[in-house]
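K.L.:
Questions regarding the structure given below will be posed in turn.
The values are calculated or read from the model by the stated rules, or taken from the named source; none is laboratory data. Quick caveat, the model's predicted, so the values are computed rather than measured. In this analysis, Cβ positions are derived from the backbone assuming ideal geometry, glycine residues included, and neighbour counts consider all displayed protein chains. These accessible areas exclude ligands, DNA and RNA; they are computed on the full protein's heavy atoms, side chains included. Shrake-Rupley method; radii C 1.70, N 1.55, O 1.52, S 1.80 Å.
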Amino acid sequence: MLKIDAAVRAVRVAGGTIGDNLDRAEAEGAILRAGDGRYRLPPSAQDAMGVAVDRPHLLTAGRFRPHCHFLNSFTFTIAYGRAQVPFGCRNCYKLVAAPRSFHQLMVMKPLAEATGETTKSAVEAFNPLTPRAYGTILYVEGRDAAVRTARGLRRAIDDHAELGPDVALFVRRGCQNYERHCGPSDRYAIDPALEAVEDALHDGFAERTPTVPAAMRDAASRLRMITIAAQIGDVSSQAYGRPFFPAGVTYAFDEGSTGPDAA
């Protein structure tokens, strides 16, 4: 059975060891073991098509491809106990645009993809880490590159007839949960010695393997996004499809009523 090296398990992070954190998480069911002994994360809140039920999105891979599943969900959350920003995330910056409707989210998508960076178009109404209902996110390596990309994207947004200056755009460093637990982000203490630790952790981690073709998953994600947009009253989503909400029988409660409503 493959195991994390004892020296790596003994590394201390904020008063505890990585080994203690891993053992505790395994005992609580927060991590599981793959058939070869590597750690893996349990299934998240997804439907049969692999769509994130509460945070559906459309992802387009670009130049910089961060390993969020490993670095955030496993290394930061489990191995480091939310007490240390991973070395592997040191140069990850995000451009975050805030479309005000589902239609604007879809209009933003090609503009973001034209930068050549990895992009995510997301419905975030159920995301507890943001006040926004929609988000267009670009993942960029390095602050200088993020600033350059943001300037070009800002111009494209301002010049677009269906977007304009009212669509906010800002640059962030890393993930929001990092800043919540270890922030502010301009004061992160990132230890270069953790590079070797994270290499060893990655060897002992089983990445999640998609079970649904990407095109099918994207189609299901899009429908889920449209459904949530409709649920929060965004009529602009109707141009992209109408979710099916089965109508059930309702019963009148006025005095004198004796059966189901006619509707």
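K.L.:
Can you tell me which residue among Ala219, Ala262 is over 30 Å from Gly81 (Cα atoms), modelled with pLDDT under 95 and assigned to a helix (DSSP H, G or I)?
P.N.:
Ala219
K.L.:
Here is a further query. Mind checking which residues of the stretch 57-81 are assigned to a loop (DSSP other than H, G, I, E, B) and hydrophobic (A, V, I, L, M, F, W, C)? First the steps, then the outcome.
P.N.:
Residues of the stretch 57-81 that are assigned to a loop (DSSP other than H, G, I, E, B), as a first pass: 61-67, 80-81.
Listed by number, the residues that qualify are Ala61, Phe64.
K.L.:
Among the acidic types (Asp, Glu) and modelled with pLDDT of 95 or more, is that true of Glu179?
P.N.:
No: the conditions fail for Glu179.
K.L.:
Next question, about the same structure. Are there any pairs with C-beta distances below 6 angstrom linking a residue in the stretch 196-212 that is farther than 19 Å from Phe87 by Cα to a residue that is among the basic types (Lys, Arg), with the two at least 6 apart or on different chains, and if so which?
P.N.:
Ala206/Arg38; Ala206/Arg40
K.L.:
Are there any pairs with C-beta distances below 8 angstrom linking a residue in the stretch 243-263 that is closer than 30 Å to Arg222 by Cβ and open to solvent by less than 60 Å² (accessible area, probe 1.4 Å) to a residue that is hydroxyl-bearing (Ser, Thr, Tyr) and modelled with pLDDT of 80 or more, with the two at least 6 apart or on different chains, and if so which?
P.N.:
Note: pairs meeting the criteria are Pro243/Thr227.
K.L.:
Can you tell me which of (1) out of contact with any Lys or Arg (no Cβ under 7 Å at 6 or more places or on another chain); (2) under 25 Å from Ala219 (Cα atoms); (3) surrounded by fewer than 21 Cβ atoms within 10 Å (Cβ to Cβ) is the one Ala98 doesn't meet?
P.N.:
Going through the list (1) out of contact with any Lys or Arg (no Cβ under 7 Å at 6 or more places or on another chain); (2) under 25 Å from Ala219 (Cα atoms); (3) surrounded by fewer than 21 Cβ atoms within 10 Å (Cβ to Cβ), Ala98 breaks only (1).
K.L.:
Of the conditions (1) in a helix (DSSP H, G or I); (2) surrounded by 18 or more Cβ atoms within 10 Å (Cβ to Cβ), Val147 satisfies every one except a single condition; which number is it?
P.N.:
(2)
K.L.:
Now a separate question. Please go through the stretch 178-202 and pick out each residue that is open to solvent by 30 Å² or more (accessible area, probe 1.4 Å) and touching a Leu at 6+ places or on another chain (Cβ under 8 Å).
P.N.:
Of everything in the stretch 178-202, just one residue is open to solvent by 30 Å² or more (accessible area, probe 1.4 Å) and touching a Leu at 6+ places or on another chain (Cβ under 8 Å), namely Arg180.
K.L.:
In addition: Those residues that are part of a strand (DSSP E or B) and under 15 Å from Tyr178 (Cα atoms), I need them from the stretch 82-136; list them, please. Explain how you work it out, then say what you get.
P.N.:
Quick first cut of the stretch 82-136, residues part of a strand (DSSP E or B) only: 92-98, 118-123, 134-136.
Listed by number, the residues that qualify are Cys92, Tyr93, Lys94.
K.L.:
Suppose the filter is among the basic types (Lys, Arg) and open to solvent by 60 Å² or more (accessible area, probe 1.4 Å); does Arg208 pass it? It would help to see each step written out before you state the result.
P.N.:
Details: among the basic types (Lys, Arg): yes; open to solvent by 60 Å² or more (accessible area, probe 1.4 Å): yes.
Criteria met by Arg208.
K.L.:
Considering every residue within the stretch 102-109, establish whether at least one is without any contact (Cβ under 8 Å) to a residue 24 or more places away in the chain and open to solvent by 30 Å² or more (accessible area, probe 1.4 Å).
P.N.:
no
K.L.:
Now for a different question. Find the residue count for the stretch 1-20, including only residues that are at pLDDT 90 or above and in contact with a helix residue (DSSP H, G or I) (Cβ under 6 Å, 6 or more places away or on another chain).
P.N.:
5
K.L.:
Take Glu162 and decide whether it is more than 30 Å from Leu22 (Cβ to Cβ), in contact (Cβ under 8 Å) with a residue 24 or more places away in the chain, surrounded by fewer than 16 Cβ atoms within 10 Å (Cβ to Cβ) and not aliphatic (A, V, I, L, M).
P.N.:
Yes; evaluated as a whole, the condition is true for this residue.
K.L.:
Filter the stretch 222-240 down to the residues that are open to solvent by 60 Å² or more (accessible area, probe 1.4 Å), outside any helix (DSSP H, G or I) and either without any contact (Cβ under 8 Å) to a residue 12 or more places away in the chain or in contact with a helix residue (DSSP H, G or I) (Cβ under 6 Å, 6 or more places away or on another chain) (or both) and list them by number.
P.N.:
none
K.L.:
Hey, can you tell me all the residues within the stretch 74-95 that are closer than 18 Å to Ala150 by Cα and either buried (at least 21 other Cβ atoms within 10 Å of the Cβ) or out of contact with any Asp or Glu (no Cβ under 6 Å at 6 or more places or on another chain) (or both)?
P.N.:
Hits for the stretch 74-95 are Cys92, Tyr93, Lys94, Leu95.
K.L.:
Do you know which residues across the stretch 113-163 are touching an Asp or Glu at 6+ places or on another chain (Cβ under 8 Å) and closer than 28 Å to Val51 by Cα? Steps first, answer last, please.
P.N.:
First pass over the stretch 113-163, keeping only residues touching an Asp or Glu at 6+ places or on another chain (Cβ under 8 Å): 119, 126-127, 130, 132-135, 138-140, 149.
Across the stretch 113-163, the qualifying residues are Thr119, Phe126, Asn127, Thr130, Arg132, Ala133, Tyr134, Gly135, Leu138, Tyr139, Val140.
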